[in-house]
Structure formats: structure tokens, C-alpha cells
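Notes follow the structure.
The values are calculated or read from the model by the stated rules, or taken from the named source; none is laboratory data. Source: prediction; values computed, not measured. No Cβ is skipped: glycine too gets one built from the backbone with ideal geometry, and neighbour counts run over all protein chains shown.
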Amino acid sequence: MKHIPLILSLWACVGTLLADPLTQADREELRERLKAIQEGAEAHQEKRFASAVEDFRSALQNEDAAMALYLKCVEQADFIDQQKKNQDFRDWKRDNEGRLKNPAFRQALRFQLNWLALSMRVAARPEDRVKLAPEAQEALRAIFANAKNLSGQTALLSRSVFESVFARTYHISDSKHKSWPSSPLQVAEIFDQVIMPPLRKPDALAALNDAWDLRIQMESARIEEFSGNNDEPKGLTRRETITPEMASFREEALPQLQWRKQVDLFQCGGQRAAALRMLSHINDHLTNPKASTWIEEFQNLVNAEAKTPETSANTSPSE
């Protein structure tokens, strides 16, 4: 019973606290303080972003510079920030000496960093996304031109660049990159979301056709050179081995990609030539499980185009 006065006193304090509404002046002051905090956070973020852009630009000059930045980032993110000893970092470098000197690994790091830099530019200026399509395509070309040498770097190039040590060190997240492929080996997504959309117009049919050819070539190379988890460098010569994944791609995915190319060209204005190629494709792949679907899609395309705007205009509502 001796605690009752204390309890009553506490309830009185709570009641006092609850009965303390904000005045209009309080609200204005809180808004101003929140605004100042937001502006400070944004300024700090912009400063960090600018620092990352400058460092990445310098590191992309050559593979030695990219490796130097990589080591700096590893030391910062995985050792200094984790409050580990300097000796721990030196031990790590010694244990990974072979990998750090591997030309394929050094080259892959530069490709990873380049894709991260492109992603940051999209986040900073989303309206320039279309303008970056040629650079995205060149980034892919550079990787696939070296595909045979990079096959042991599949895991690194397939991983989201926002999980890289570069992104972790500079605190770059993928929150503003949801519509941008996060890995330079996401070939289908890069073509679908970045490269092809600006080309889907009648006056860009030739470029769209070339983009499809390049996509099919790269998707084939991705399966042949970057499939699996083989992280060991291959010999100077090797006999082609048809893996189950490659066989599946050639039998199923490749014919479907070839079909999608012709449908895309048809819908963008190249109707006559694309229609003839679609018929030829169906005839060449009659035993394909997708053949009946292609026939139905072809009929729908042709029937839809048969009803021209002029025909629709000449048809009365009563009809």
C-alpha cells in the first residue's frame, strides 16, 4: 500500500504528458528542423555520390587503377569498418595473391565497376536512360568479346553490382535502380529494358534487327561461356562440350528468341518481310512444342492488321 502515492504521482505525470498538444508554432519549428535534417542528409549523400563518381572514373582508366580501387575498398569495407587489424588485411592479400594477379579477375572487376558507374548515372538522371542505351550495349560488347577468357568469372559478373565491394564501400544501394538491370550478365533484361525500347519505331527497323541479332548471339554465348559455376581458367584449346543447359537453349529458347524477333519487327512496321520469315520459321520448326502457339499468334497478327484504320473509318456504327 505504501507504493500507492507513487503510482498516483506517475499517473499524474503521464496525464500531464498526454495533455501537451503541439502548437502551430511548434509544428512550424519541427518542420523547419526536419527540413534542415533532410537537406543535410541530401548534401552528404550528394557529396558521397560525387566522390564515388570521381573515384570510379579514375579507376576505369585501366585494370591497374581498377585493382587499386578494389584493394582500397576491400580494406575499408571488410577490415577497417570491421575493426580488424592491419595485419589481417595483409594476410588476406597474401592468401589471395594468385587471384588478385589473375588477368581475367582484374578484367572482370573493371567490367563490374563500369556497370556500377552506368547504374549510378541512371539513378542521378533517369531522364537520360535512353541516352545510355548505346553505352550499355558497348559494355556488353566488351564483356562478350572477352567471353572465353572470362568464363571463370561468372559468379562475379552475375552478381548484382550493388553487392560489390565498390558499392558497399561507397554506400550505394539499389533503391533507385529497380528498373535497371543490376548485373552486366543480365542480357535479356538489358536488351528488353534498355537497348531495344528506343529502337521500336518504323525508322529504326534496321537497328532493331541488328539489336536482335546481337542479343541472340550474346544470349547463346552467355549459356556457352558463362553457365555453371566453373571458376577455374580453361586451357588454351578445348573441344566443345554440349551441356544439358546448352542443348535446352538451342532446342527451346533459341527458336523462341528467333520468333520473338520477327514478331517485334512485324509490330514495328516491317510487316511483309517479317510475316514471310515467320511462316518460314513455323515450317522449319513444326515439331517444336511452341509451333501451335506461333501459328495462333501469327493468325492474330495478320487478322489484326487486316482491319486497317481506313476500313474502320468507313464502317458505320450500325454495322
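Residue check, Phe105 against (1) closer than 21 Å to Ala221 by Cβ; (2) surrounded by fewer than 18 Cβ atoms within 10 Å (Cβ to Cβ); (3) not polar (S, T, N, Q), all met but one. Which one?
Answer for Phe105: the failing condition is (2).
Do we find a residue being at pLDDT 90 or above, surrounded by 17 or more Cβ atoms within 10 Å (Cβ to Cβ) and more than 30 Å from the chain's Cα centre (by Cα) anywhere in region 300-317?
The answer is yes; a qualifying residue exists.
Please pick out the residue among Ser173, Ser151 that is assigned to a loop (DSSP other than H, G, I, E, B) and under 26 Å from Val74 (Cα atoms).
Step by step, each of Ser173, Ser151 is checked, and only Ser173 is assigned to a loop (DSSP other than H, G, I, E, B) and under 26 Å from Val74 (Cα atoms).
Considering only residues that are closer than 11 Å to Thr169 by Cα and not in a helix (DSSP H, G or I), which ones fall in region 62-86?
If the condition is that a residue be closer than 11 Å to Thr169 by Cα and not in a helix (DSSP H, G or I), then Asp81 is the only one that fits.
Take Ala123 and tell me if it is at pLDDT 90 or above and part of a helix (DSSP H, G or I).
So Ala123 fails the test.
Within the group Glu97, Glu42, which residue is at pLDDT below 80 and either more than 30 Å from Val122 (Cβ to Cβ) or surrounded by 10 or more Cβ atoms within 10 Å (Cβ to Cβ) (or both)?
That would be Glu42, the only listed residue that is at pLDDT below 80 and either more than 30 Å from Val122 (Cβ to Cβ) or surrounded by 10 or more Cβ atoms within 10 Å (Cβ to Cβ) (or both).
Quick check on this structure: which one of Phe49, Phe105, Phe89 is over 22 Å from Ala147 (Cα atoms), at pLDDT 95 or above and outside any loop (DSSP other than H, G, I, E, B)?
Phe89
Which one of these is at pLDDT below 90, over 16 Å from the mean Cα position of the chain (by Cα) and either under 19 Å from Ala147 (Cα atoms) or surrounded by 19 or more Cβ atoms within 10 Å (Cβ to Cβ) (or both): Ser227, Ser220?
That would be Ser227, the only listed residue that is at pLDDT below 90, over 16 Å from the mean Cα position of the chain (by Cα) and either under 19 Å from Ala147 (Cα atoms) or surrounded by 19 or more Cβ atoms within 10 Å (Cβ to Cβ) (or both).
Which ones in region 112-127 are farther than 14 Å from Val53 by Cβ and surrounded by fewer than 22 Cβ atoms within 10 Å (Cβ to Cβ)?
Hits for region 112-127 are Pro126, Glu127.
What single numbered condition from (1) under 22 Å from Met218 (Cβ atoms); (2) without any contact (Cβ under 8 Å) to a residue 60 or more places away in the chain fails to hold for Ser173?
(1)
Give me the pairs, please: first residue somewhere in region 257-278 and on the phi < 0 side of the Ramachandran plot, second residue anywhere and outside any helix (DSSP H, G or I) and basic (Lys, Arg), beta-carbon distance under 7 Å, and either six or more positions apart or on two chains.
Close Cβ pairs satisfying both conditions: Cys268/Arg200; Cys268/Lys201.
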